[in-house]
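Below: one structure, written as structure tokens.
The values are calculated or read from the model by the stated rules, or taken from the named source; none is laboratory data. The structure presented is a predicted model; accordingly, all values stated were derived computationally and were not measured. Here the Cβ positions follow ideal geometry from the backbone for every residue, glycine too, while neighbour counts run over all protein chains shown. The area values use the complete protein model at the heavy-atom level, side chains included, leaving out ligands, DNA and RNA. Shrake-Rupley method; radii C 1.70, N 1.55, O 1.52, S 1.80 Å.
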Amino acid sequence: MSFIEKLTLLFLKPMVRKKSRRSLPQLDGTLNMEELAEPVKIYRDQWGVPHIYGGNLNDTAFAQGYTHAQDRLWQMEINRRVSRGQLSEVIGKDTLATDRASRILGFERLAAADLEAMPEELKLALEHYTKGVNAFLEANMQKLPPEFGLLKIVPRPWEPVDSLAFARLLAWQMNYAWYGELVRGKIIEKVGEEMAKELEPHYAELNPIGLLQGQESNLLLEDGLLEAFKGPLLQAKGGSNGWAISAARSRNGRPILCNDPHLPLLQPAIWYQNHLQCPEMHVTGVSLPGVPLVMIGHNDNIGWGMTLAFTDNQDIFIEKFTDASMLHYEFRNEVREATIVAETIKVKGQDDHTEKVVITHHGPVISGVVPTGDFKLSLASKALGPSTMMEGWYQLNRATGWNDFVGAIKKITAPSLNVPYADNQGNIGYYVSGEVPIRKNGDGSRPSPGWTGEFEWKGNVPFEKMPYAFNPAKGYVVTCNHKIIGDNYPYHLGNAWMNGYRANRFEKLIAQREKCSFEDMIAWQTDVFCTPGPLFAAHMKGLRLDDLRLESMKQMLLNWDGMLTTDSVAGSLYETTKFYLFNRLMAAKLGDEIMLELRGATFNPNLLPQGEFYGHDTSTLLRMLDNADSLWLKEAGGKEKVLGLALRDAFEYLSERLGPEMSTWQWGRLHKAEFHHTLAQKTPLNKIFNQQEFSLPGNTDTLFQTAPMAHDPRGHNVVAPSFRQVLDPMRWEDSICVMPPGQSGNMMSPYYDNQLSMWLDGKYHPMLWKEDQVIAKKAHLLELLPNVASIAPTLGQSLLTNN
């Protein structure tokens, strides 16, 4: 830091802490709320989790909105501005690229349509959620979180469209397979078809397939069922693990359901733990600040998790416009009229920007989003079409069993998710959500001519034919973003799966257990064995080296047990050698930009953190090393030569970075992370808001995934488990979870980072379920009271006299 930055930090940090303390929310006592029909109790437990008891759904939704705003108002403000394309209004021209992309993709327009089509019961709950947010906002305008003052933002009232636009953005972020089409074209242009083929993501044959036949069931389904502003804004993409173990494979004779979604580490967390109870539903788990309901968790009857399915439901079309103004385009020898939308973007410190959005029947023209040269490209995406997603989550929160669960998944037309399932009747299962198109021709792996009509979508894969399992004979289901179906599955779901090494490790672990325990689940969620590590090291056998230091490195790799712990020196050698081998083989031919994209980077890390090449660098390298005819190896002088050079590169880097003594080259000294705040890129604000960096075990391919972000492969931005849950569906009160760093976005709150050390140490806290549990562990009780003088006594009021 410069002297000026240090001086600024000296004066700014105490001010931020003072304003943070002043903005701490009221967690105890009573508050009068004229919007309520009945009283609501909000217990907060010792981990800061609110347990909301309401007399009806609308009041409960109001209280959820209120608690979200209490703990996460700044996060909600930024999230709605990103999704509605309104960042530049408060930040300036640096975020205009992100705002333009949001407006072109149309999350706000889609949200308005969703609201119009929403069932009245759900719309009313959303409106009451919105009232809850605004009730907190109106009462606390004079003591807002300090971030508002630092950026001179005066928040406007929350709107239902804010919630739905954010949900739309997240749904789009969790869909894959369009940006890779553009990267694929760049690679072919650079090196030709033959060499490009070797870089294609291919699923490793040694790794498992989720459902070989596509469906496994002992029950028939019933019919009918920011380029310039690189702060960590949303970044919702990542991998995840989820599995369900049957009662027959469980040591206690009850099924177990586990899930740990892998997302960038943010401060505050993307999730917010909530427990909601009212006559209409009883549900607990993690929610999204700014959005009602629970996204992952359990209700009285069923539990569920979520991992990305990586199905291909997006395509790029090359459009042929008939005029420079792009008002008309060709399709099947006819001229069609494009839809034109003028979007006005306010930009702090300069004139408004007007974005001309052009939409064909395929979707929005994205040439204003990504560089496309002379081509005009449109994006066809199931995530940008009509959606009943929120209705699906509402049904999921209230589901009573498998058939309700399946009906809810059918409503989630996007995003594409693997949803593991377990219930209180002892059943386990799994279903893939999200519509997947059937293409008239082609597989959607490259941009297609949009004017011919030959590559159109002609419907969707029937929902009843989507992959699912119900009480499979093997006694478990597992989803680690790996390949879902075998090659004999009758529909094309894509080829963007993650590499499968995490699933491989899970299969090895469960094969060692006839019966599994809760302790096994915890150990597996925190397991750091790197399956491809020893496979890579094996290629060092027979490698002739004339440097004793490099020979020592080689022997250490060959003797490595594959455990990527923080104290592993061999782990550092593996990761660093692999990094330099990748560069040695490809950097000269591809250049820096494509190299980052080959590692999974995209046009905008705020809106689309990762593309479908993400996580495939290791499997690509292993395929090349196994292939004596690899054109890339031949170009680099052969396998032995390039491995020796990569080892030397690693030696020089580690010596300079960590010192000359090899025994000190532990993985944890290299592999560090922080929970990044929105303002982290602004020095010295990063020193105020970010968590102190810490060492992490694991990597992209361990069950405890700790994967560098694609756009910054050596930085401290890491994708890791954002939430862990281990559910006992037949004894919900025994379920456990952990969510780092904590519940609150206020640095002066005791719940700001109180779950971080637990998460690092592989510890969990109870998911309190029964009311006596909640009361026994309560740290706070806040009662929200209606205007009792104007209403008759109700059942909800009688709640206040209990306990």
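Expressed as a whole percentage, what fraction of the accessible surface of region 606-743 belongs to carbon and sulfur atoms when a 1.4 Å probe is rolled over the protein heavy atoms?
Details: 1940 of 4280 Å².
Percent of accessible area from carbon and sulfur atoms in region 606-743: 45.
Loop only by DSSP, 12 or fewer other Cβ within 10 Å of the Cβ. Give me the GluC sites (Glu not before Pro) in region 467-549 that pass, ordered by residue number.
On the way: sites: E507, E514, E519; in loops: E514.
Sparse-neighbourhood loop GluC sites (Glu not before Pro): E514.
For region 84-191, what is the per residue volume of the convex hull drawn over the alpha-carbon atoms, in cubic angstrom?
139
Taking the Cα atoms of region 654-709 alone, what are Rg (to one decimal) and Dmax (as a whole number) in Å?
Values for region 654-709 (Cα only, Rg and Dmax): 13.9, 38 Å.
Using 0.36 nm per residue of separation minus the Cα-Cα distance, give me the extension gain between K672 and R544 in nm, one decimal.
On the way: separation 128, 0.36 × 128 = 46.08 nm, distance 3.31 nm.
Computed gain between K672 and R544 is 42.8 nm.
Tell me, what is the percent relative contact order of region 518-648, built from C-alpha pairs under 8 Å that lie six or more residues apart?
Values: 108 pairs, mean separation 34.2, N = 131.
About 26 percent, as a whole number.
Any idea what the relative contact order of region 78-204 is, in percent, if you count C-alpha pairs under 8 Å spaced at least 6 apart? Please list the in-between numbers first.
On the way: 84 pairs, mean separation 38.1, N = 127.
After rounding, I find 30 percent.
What number does region 237-328 give for Rg over Rh if you use C-alpha atoms and the Kirkwood radius?
Rg/Rh for region 237-328 comes to 1.21.
Largest first and to the nearest Å, give the Cα extent of region 566-645 along each principal axis.
The Cα atoms of region 566-645 stretch 41, 36, 19 Å along the principal axes, largest first.
In whole angstrom, and with the biggest value first, how far do the Cα coordinates of region 1-82 range along each principal axis?
That gives 57, 31, 25 Å along the principal axes, largest extent first.
Averaged across orientations, what area in nm² does the convex hull of the alpha carbons in region 491-541 project? Don't skip to the end; give the middle numbers.
Numbers: hull surface 23.7 nm².
Taking a quarter of the hull surface, the average projection is 5.9 nm².
Count charges around R332 for me, please; just the other residues with Cβ under 10 Å from its Cβ, Lys/Arg as +1, Asp/Glu as -1. Display every interim value, and only then the final one.
Details: positive: R336; negative: E330, E334, E454, E456.
Result for the neighbourhood of R332: -3.
With labels modelled as points extended 7 Å from the Cα through the Cβ direction, what inter-label distance (nm, one decimal) is found for E120 paired with R336?
Once both label points are built, they end up 3.6 nm from each other.
In Å, what is the Rg of the alpha-carbon atoms in the chain, and how long is Dmax?
26.2, 90
Please sort 746-753, 76-83, 575-582, 11-18 by packing, taking for each peptide the average over its residues of neighbouring beta carbons within 10 angstrom, highest first. If you can, show how the numbers build up before the last one.
On the way: 746-753: 20.2, 76-83: 25.2, 575-582: 22.0, 11-18: 13.8.
In descending order of packing, they fall as 76-83, 575-582, 746-753, 11-18.
From the backbone phi of region 113-130, what are the Karplus-calculated ³J(HN,Hα) couplings (6.51 cos²θ - 1.76 cosθ + 1.60, θ = phi - 60°) in whole Hz, Gly and Pro given as x?
Karplus values, whole Hz, x for Gly and Pro: 5, 4, 5, 5, 8, 5, x, 4, 4, 6, 4, 5, 5, 5, 5, 6, 4, 4.
Could you state, as a whole-number percent, how many of the C-alpha pairs of region 613-706 are farther apart than 19 Å?
On the way: 2818 of 4371 pairs.
Value for region 613-706 (Cα pairs over 19 Å): 64 percent.
Along the charge dipole of the chain, pointing to its positive end and built from +1/-1 on Cβ of Lys, Arg, Asp and Glu, which listed residue (G434, V369, T452) has its Cα farthest out?
V369
Under a cut-off of 22 Å between alpha-carbon atoms, report the lysines in cross-link reach of K356, not counting same-chain residues fewer than 8 places apart.
Within the straight-line limit of under 22 Å, K356 reaches these lysines: K93, K320, K346, K348, K376.
Once the convex hull of the alpha carbons of region 425-536 is built, what does its volume come to per residue, in cubic angstrom?
Cα convex hull per residue, to the nearest whole number: 159 Å³.
So what's the Cα pair-distance distribution over region 681-762, bin width 10 Å, in %?
Result, from short to long distances: 15, 39, 34, 10, 2, 0 percent.
How long are the semi-axes of the equivalent ellipsoid of region 326-383, taking √(5λ) for every eigenvalue λ of the Cα gyration tensor, in whole Å from largest down? Intermediate values should be presented prior to the final figure.
Working: eigenvalues 124, 33, 25 Å².
Value: 25, 13, 11 Å, ordered largest first.
By a straight-distance test (C-alpha under 18 Å), which lysines pair with K515 as possible cross-link partners, with residues fewer than eight away in the same chain excluded?
The qualifying lysines are K474.
Which of rounded, prolate, oblate describes region 60-144, given a ≥ b ≥ c as roots of the alpha-carbon gyration tensor eigenvalues and a/c under 1.5 marking rounded, otherwise prolate only if a/b is larger than b/c? Could you put the intermediate results ahead of the total?
On the way: a/c = 3.28, a/b = 1.22, b/c = 2.69.
Because a/c hits 1.5 or more and a/b fails to exceed b/c, region 60-144 counts as oblate.
Measure off 7 Å from each Cα along the Cα-to-Cβ vector at A473 and E5, then give the distance between these two points in nanometres to one decimal.
For A473 paired with E5, the spin-label model returns 6.2 nm.
Which entries in the list K483/K672; K41/K778; K382/K440 go over 18 Å, if you measure between the two C-alpha atoms of each?
K483/K672
Run lengths n ≥ 4 of DSSP H only: what is the helix-derived mean residue ellipticity at 222 nm for the chain, with -39500 (n - 2.57) per run over all residues, to the nearest 500?
On the way: 24 runs with 277 residues, N = 803.
The per-residue figure over the chain is -10500 deg cm²/dmol.
Relative contact order of region 255-388: what whole-number percent is it, with Cα pairs under 8 angstrom and at least 6 residues apart?
16
Below 27 Å, Cα to Cα, which lysines can K639 reach? Residues fewer than 8 away in the same chain don't count.
K186, K190, K197, K541, K554, K578, K589
Could you check the spin-label model distance between S655 and E189? Points 7 Å from the Cα along Cα→Cβ, value in nm.
4.1
For region 489-608, what is the largest minus smallest coordinate of the Cα atoms on each principal axis, given in angstrom and ordered from greatest to least?
Computed over the Cα atoms, the extents are 50, 40, 32 Å.
Bin all alpha-carbon pair distances of region 1-140 at 10 Å intervals from 0 and give each bin's fraction as a whole percent.
Histogram of Cα-Cα distances, whole percents per bin: 10, 27, 31, 22, 8, 1.
Where Rh is the Kirkwood radius over the Cα pairs of region 327-428, the temperature 20 °C and the viscosity 1.002 mPa s, what D in µm²/s does Stokes-Einstein return?
Working: Rh = 17.5 Å.
Rounded to a whole number, D works out at 123 µm²/s.
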